[in-house]
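As structure tokens, the structure follows; a few thoughts come after it.
The values are calculated or read from the model by the stated rules, or taken from the named source; none is laboratory data. Keep in mind the model is a prediction, meaning the values are calculated, not measured. Neighbour counts are summed over all protein chains in view; Cβ atoms, including those assigned to glycine, are modelled from backbone coordinates with ideal geometry. For accessibility, only protein heavy atoms count, side chains too; no ligands or nucleic acids. Shrake-Rupley method; radii C 1.70, N 1.55, O 1.52, S 1.80 Å.
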Amino acid sequence: MRVAIAFGTRPEVIKIAPVYFELRNRRINTLMVATAQHREMMDMMLEVFKIKPDIDMNIMVHNQTLNYVASEVFKKMDKVLKDEKIDVLLVQGDTTTAMASAMAAFHNDIKVGHIEAGLRSKNIRDPFPEEMNRRVIDVFADYAFAPTRKAKDNLEREGVERERIFVTGNTVVDALQMISKKLPEVEKGDYILVTMHRRENIGEKMESVLKALKKFSKESGIKIIFPVHKNPRVREIVFKILGDCKNAKLTDPVNYMEFLKLLKSCRFVVTDSGGVQEEAPSFGKFAVGVRNTTERPELVESGWGVLAGTSTEGVRKALEKALNFSKSGKENPFGDGRASERIVDILVKGKTEEFKG
Ligand code: UD1
Ligand code: UDP
């Protein structure tokens, strides 16, 4: 069997890395195909995991549009799939890289495995365009690797056949466990760890969240550490609102090891990132989700976080709740560190025991 893995952004590298290592440990021929939808942020993560792509399409341009990324991936992936003998193409999540690569494989009648299938906000425009991307991939994926039972339920409700669905846990937990082994002890810090980058938040929503945070930090004395995404539209807003805030430390994106250190020692996190919400419980941290919808209801249901929305008032209330959070000893609802093992079992043997979390 020959497997190809397509990826292009920061979170994809983190979440496919453990699957790649599992395939390699089982001596399965694996081709790593990078679109480089993110140039620096993808490379930064590849460096942490010491992964070298076999093919690098190098597509990123500044302020790229969705159709630019999609059309480059379609064109370049088509050639790769025609040149290389591939039995299954694996994609992860809901990026344009994932959607266009998966569709390019389908067009070439090559099997597709979707890691992190079945996440649904149930609003096609939020997150934009990710909700559309993930739904599209699940229409035809031969293997829908759902991280949780809720994700499986979503797929069944949409009519995805049971034989295509496998509950595996989220590979982000495998990734952070791999890296955590190398993390030093860290002191408890008195800061909120913040990340924000989602397309649908860019503009007034992001401004109102950041203003609420600024006010809260000033009143409570709790600092902010914010590694700012490379997207120029995000950077403009973040620096405009928090640039003059003495309590806020704004940095460039940091590598995964550094980010997990920050997560381990912070008071709590404020984020619109999918991955960060899934990681926070593993470090016993409360997550304030600054979005209006979520495809990760497990966070709120398990008590590890709230969905604050993006209004100043909603964010203020959520920040107060986060201050009073006490760890409940619950496990991470997103995974148990064995997702990659299950995914590869399914590819090789066609079966595995389900993640029951
Ligand atoms: C993408 C994904 C989103 C994911 C996010 C992870 C889509 C539609 N969206 O969004 O689901 O949550 O990545 O971070 O696929 N840039 C750089 N260097 C980098 C990375 C980005 O300069 O290393 C700048 C470029 O100007 C680029 C812009 O950021 O054009 C936007 O990147 P893009 O991948 O199009 O969108 P994201 O918002 O990052
Ligand atoms: N992350 C990182 N450095 C940073 C910010 C985030 O390593 O400066 C990691 C974080 O731990 C998580 C992932 O990047 O695993 C999330 O990526 P992002 O928020 O860009 O995308 P999303 O998960 O929202 O798709």
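Structure values in brief
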{"quantity": "Range in the chain, longest, excluding exposed GluC sites (Glu not before Pro) [loop by DSSP; at most 16 other beta-carbon atoms within 10 Å]", "calculated": "188-330"}
{"quantity": "Region 199-357 - Kirkwood radius from inverse mean 1/r over Cα pairs (Å)", "calculated": "16.9"}
{"quantity": "Cα gyration tensor shape of region 1-117, rounded if a/c is under 1.5, else prolate or oblate by comparing a/b with b/c", "calculated": "oblate"}
{"quantity": "Gyration tensor (alpha-carbon) shape descriptor, region 91-178, a/c threshold 1.5", "calculated": "rounded"}
{"quantity": "Accessible area in the full protein assembly, largest first, 1.4 Å probe, for H62, H114", "calculated": "H62, H114"}
{"quantity": "Cα centroid separation, region 131-146 to region 170-206 (Å)", "calculated": "25"}
{"quantity": "By accessible area with a 1.4 Å probe, ligands and nucleic acids excluded, highest first: order of L323, L347", "calculated": "L323, L347"}
{"quantity": "Nearest-10 value in Å² for the accessible area of I124, using the 1.4 Å probe", "calculated": "80"}
{"quantity": "Choice from Q64, Q277, Q92 showing the highest fluctuation, given a GNM over the chain with Cα pairs closer than 10 Å", "calculated": "Q64"}
{"quantity": "Greater than 27 Å apart at Cα, pairs in K52/K79; K111/K182; K246/K317; K75/K351; K230/K321; K215/K330", "calculated": "K111/K182; K75/K351; K230/K321; K215/K330"}
{"quantity": "P(r) of the chain over all Cα-Cα pairs, binned every 10 Å from zero, in whole percent", "calculated": "5, 26, 35, 24, 8, 1, 0"}
{"quantity": "Rounded Å value of the spacing that divides the Cα centres of region 296-345 and region 5-61", "calculated": "27"}
{"quantity": "Members of K15/K50; K205/K240; K181/K327; K15/K223; K181/K356 lying beyond 19 Å, as alpha-carbon distances in this model show", "calculated": "K181/K327; K15/K223; K181/K356"}
{"quantity": "Share of carbon and sulfur in the accessible heavy-atom surface of region 216-357 [1.4 Å probe, %]", "calculated": "49"}
